[in-house]
Amino acid sequence: MEDMARLRHDPLGFVRYSFPWGSGVLKGEKIREWQADVLREIGVALRVGEATATEAVQLAVASGHGIGKSALVAWIILWAMSTFEDCRGVVTANTENQLKTKTWSELAKWYRMSMTQSWFKFTATALFSVDPAHEKTWRVDMVPWSESNTEAFAGLHNQGKRVIVIYDEGSAIPDPIWEVTEGALTDEDTEIVWAVFGNPTRNQGRFFRAFNDLAHRWRTRQIDSRTVPGTNKRQINQWVEDHGENSDFVRVRVRGQFPSAAAQQLIPMDLIDGAMRREQPYARPSVAILGVDVARGGGDSTVIRIRLGRDARQFPPIRMKGASTTSIATVVIEQIDMLRGMGLRCVVMVDGTGGYGGNVVDKLRELGYEVIEVMFSANADNPRKYFNKRTEMYCRLREWLKVGYLDPDDQQLKTELTAISYMFHKDKLALEPKEVIKDTLGFSPDDADALAITFAYPVEEMLPQDPLRSRGPMNAAKARREYNPFGGG
């Protein structure tokens, strides 16, 4: 008992101490280095939290197959229970079958070998204290998730003690379960460990976001099966040979990386990653296009994005919540003045869908600025191929990503772009409704829309002697050539 108390913040020490390494079924077995690294990280995080301010330890591990994650899950559960009196926890997985036959059966194996086996009773659905006075308060439960019944994940409060939450195959656990869990882990002065493991099978949802726009909230690791001793290298090599090193199958099942494109995902992740890595210089065009996605209230944001030909990296997006149409117009004018001061001509495209954006358009036109109003539901320039303007401009954005430049730190935009999905409507390509994407993400894809708006219509690049500001519709007679949004200007 004294040793367990000393191992309260040392999960790796607990694993080394508590199992009969070198004998029986563990003869020749040892802790793998990646497992040791994760255990060390949990211990360090807890020790730092105790010394400064209590906060949840949130850990996410994406991996290929066969690396020993189920064993690690079992160790973390047994450490959490053995080193803190009245620890409470919940364990779930992507399916009930996975939970019972893999996660829970692995826990049973290590429980039987644990030095503290006699302290706890193991059943088909729970591990709890043998002391009748503590069996309700010192326990971890196996709970299959259900979006219609989330009470088990909402009742995790354990003020002043320890809470442990484990997700196995977290990529397939739906966002509402994550959200309920997140809301429950709010007790002050409580040790909270939330660990999520799994193959990165989906490039949307909360598991994906833990490695992208929410990475600042999570301690993340991605493990390639080939780097782990004891994995079936022959089988892995066959997979690579059959599917290819860069195939989504190998990315997910071997390399522990998210797929480049989900089923019906419009924009593959490799296109976005390429635009974020690309460093090739190019000639800057003389036209700047401002895309303005106007919020319609609620939690949505108005976003202004600036694109110079291939470059959507130079100017960071401007996000405004709860802004009036006058305030939005004022900020747009500030950006126009700034760009003109750099010798650039400006074309402003504003989302007029729903009418609210139309007020911004009217305000700018009253002040003499030329604005193109973009209606997402309008006919596409190519109506035989695209269902509406929104679909067409996103497809133009997808093509532009093959040569364009994005900010590599803009994880918000990356998350939104990968969530855009498509379908076919009367043999025409159509995007899923924005409301569907908003439900998937938990927020509106305002950043992605603002960038997509810059591809709504072709833009003509004017001669240097043309006025900086036109007070009427653009006249083709004034133009030297049509501005190519995919080129360098």
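The values are calculated or read from the model by the stated rules, or taken from the named source; none is laboratory data. Fair warning: this is a prediction, and the values are worked out from it, not measured in the lab. All Cβ positions, glycine included, derive from the backbone under ideal geometry; neighbour counts span all protein chains shown.
Return yes when Ile336 is β-branched (Val, Ile, Thr), assigned by TED's automatic domain parsing to the domain that holds Pro408 and in contact with a Ser or Thr (Cβ under 7 Å, 6 or more places away or on another chain) and no when it is not.
So Ile336 does not fit the description; no.
So, in segment 88-123, of the ones that are in contact with a Leu (Cβ under 8 Å, 6 or more places away or on another chain) and part of a helix (DSSP H, G or I), which residue ends up surrounded by the fewest Cβ atoms within 10 Å (Cβ to Cβ)?
Met113
For segment 60-87: of the residues being part of a helix (DSSP H, G or I) and among the polar types (S, T, N, Q), which is nearest to Asp187 (Cα to Cα)?
Result: Ser82.
Scan segment 404-430 for residues that are assigned to a helix (DSSP H, G or I) and charged (D, E, K, R) and jot them down.
Lys414, Glu416
Looking only at residues in segment 112-149 that are under 38 Å from the mean Cα position of the chain (by Cα) and of a type in the set (A, V, I, L, M), which one is nearest to Ala172 (Cα to Cα)?
Val143
Note down all Cβ pairs under 9 Å where the first residue falls in segment 395-423 and is free of Cβ contacts under 8 Å to residues at least 60 places away in the same chain, the second is among the small types (Gly, Ala, Ser), and they're at least six residues apart or on different chains.
Glu416/Ser444; Glu416/Ala448
From the residues in segment 125-183 that are hydroxyl-bearing (Ser, Thr, Tyr) and closer than 30 Å to Asn203 by Cα, which one is surrounded by the most Cβ atoms within 10 Å (Cβ to Cβ)?
Taking the candidates together, the pick is Tyr167.
Quick check on segment 60-67. Is at least one of its residues within 11 Å of Asp168 (Cβ to Cβ), of a type in the set (Ser, Thr, Tyr) and within 24 Å of the chain's Cα centre (by Cα)?
no
Is there a residue being closer than 23 Å to Asp273 by Cβ, touching a Gly at 6+ places or on another chain (Cβ under 8 Å) and not in a strand (DSSP E or B) anywhere in segment 316-323?
no
Pairs, please: C-beta under 8 Å, at least 6 apart or cross-chain, first residue under 11 Å from Val196 (Cβ atoms) and in segment 210-227, second among the small types (Gly, Ala, Ser) and not in a strand (DSSP E or B)?
Note: pairs meeting the criteria are Trp218/Ala210; Arg219/Ala45; Thr220/Ala210.
Scan segment 283-311 for residues that are within 23 Å of Thr353 (Cα to Cα) and assigned to a loop (DSSP other than H, G, I, E, B) and jot them down.
Residues satisfying the conditions are Val294, Ala295, Arg296, Gly297, Gly298, Gly299, Asp300.
Tell me, yes or no, whether segment 356-364 has at least one residue that is modelled with pLDDT under 95 and exposed (fewer than 14 other Cβ atoms within 10 Å of the Cβ).
No: segment 356-364 contains no residue that is modelled with pLDDT under 95 and exposed (fewer than 14 other Cβ atoms within 10 Å of the Cβ).
Within segment 365-393, can you find the residues that are β-branched (Val, Ile, Thr) and part of a helix (DSSP H, G or I)?
Listed by number, the list holds a single entry, Thr391.
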